[in-house]
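The values are calculated or read from the model by the stated rules, or taken from the named source; none is laboratory data. The shown structure was predicted, so the numbers you read here are calculated from the model rather than taken from an experiment. Surface areas here come from the heavy atoms of the whole protein model, side chains and all, with no ligands, DNA or RNA. Shrake-Rupley method; radii C 1.70, N 1.55, O 1.52, S 1.80 Å.
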Amino acid sequence: MSTNQSLFSGPAAYERFMGRWSRELARLLVQFAGARDDDTLLDVGAGTGSVAAAVASTPSIRIVGIDPAAAYVAFAQAMHGDERARFAVGDGQRIPFPDGAFDRTLSLLAINFVPDPHKAAAEMIRVTRRGGIVAAAVWDYGDGMEMLRLFWDTVVARHPIDERKDERHMRLCRSGELAALWRGQDLQDVSEDALTIPTDFASFDDYWNPFLEKQGPAGHYVAALPELDREGLRRALRHRVIGDGADRAFTLTARAWAARGVVA
């Protein structure tokens, strides 16, 4: 995902921060969308190509990914591009394809970052054939995405004034919100589900270091801190995550809300 170029500007850094988890989630979204042999898919906000990687084992599926960030498009093309998968620079609010061009249109961890998600949803529907599926997933930033919830709870405990920056306030991240957006666009047979994956960390540094790479709202928050505040946050977060003992591996849970609907 990389619909906001200022928040997600580096594909390699994104892979270390969130890409390893979005690849796992992509497989669940592809299943939730009911992708089948011979489908042609569009991935809106393709980022580093997680959805293309998820369908790579189904050789009859063709996929096009669009993303507004050229660096992400180049990365995805280099990693996943072939005769069945291609990537192009494109805006989800103005999708550069004709009506009904795709069997299924997906958006993984992206639509909440689009300036006008209603316009993006309408465009996703427009380029999907009648009877086709439109599906999207967004992290549950409020409660279900533990790696970020632990981070923001620690931030707010230290600096209550920064509560307004907490990603729990992001749109479309609560149960029912994506489904309501889909119903508002007159999609049929709309359903919503929670997609949950484990996130395994080898150590606290494996968890913490990606926050230093200025990816997403959390990474930008860390980058803006003075050095002493950054170290204080690191220590407080380490205590919250693994306590005061020796470093160790640990597993957190990441939940996303997903919605799908049928084009009338």
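For the chain, calculate the relative contact order in percent as a whole number, restricting contacts to Cα pairs under 8 Å that are 6 or more residues apart.
22 percent
For the chain, modelled as a GNM with alpha-carbon contacts under 10 angstrom, which of Ala179, Ala157, Ala246 fluctuates the most?
Per the Cα network of the chain with a 10 Å cutoff, Ala246 tops the list.
How much accessible area per residue does the chain have, in Å², with a 1.4 Å probe?
42 Å²
Sort Ile61, Ile125 from largest to smallest accessible area, using a 1.4 Å probe on the heavy atoms of the protein chains.
Ile125, Ile61
Of all accessible surface on the chain at a 1.4 Å probe, what whole percent is carbon and sulfur?
After summing per-atom areas, the C and S share lands at 50 percent.
Please figure out what share of the DSSP beta bridges in the chain is antiparallel and state it in percent, rounded to the nearest 5.
Around 50 percent antiparallel, to the nearest 5.
Would you mind calculating the relative contact order of the range 115-218 from Cα pairs under 8 angstrom and at least 6 residues apart, reporting the percent as a whole number?
Computed value for the range 115-218: 26 percent relative contact order.
Can you list the HN-Hα couplings for the range 102-114, worked out from phi with the Karplus curve (6.51, -1.76, 1.60; θ = phi - 60°), rounded to whole Hz and with x for Gly and Pro?
Residue by residue, the range 102-114 yields 10, 6, 9, 10, 10, 9, 9, 6, 10, 5, 6, 9, 5 Hz.
Report, by chain and number, residues whose modeled amide H sits under 5 Å from the one on Val127, excluding near sequence neighbours (fewer than 5 apart, same chain).
Gly100
Summing -39500 (n - 2.57) over the DSSP H runs of n ≥ 4 in the chain and dividing by its residue number, what mean residue ellipticity at 222 nm do you reach, to the nearest 500 deg cm²/dmol?
Only helices count here, giving -10500 deg cm²/dmol.
Of the DSSP beta bridges with both residues in the range 13-107, give the percent that are antiparallel, rounding to the nearest 5.
5 percent
Specify which labelled value, from [x] 75, 58, 36; [y] 56, 36, 28; [z] 52, 38, 31, agrees with Cα extents along the principal axes in Å derived from the coordinates of the model shown.
The value computed from this structure is option [y].
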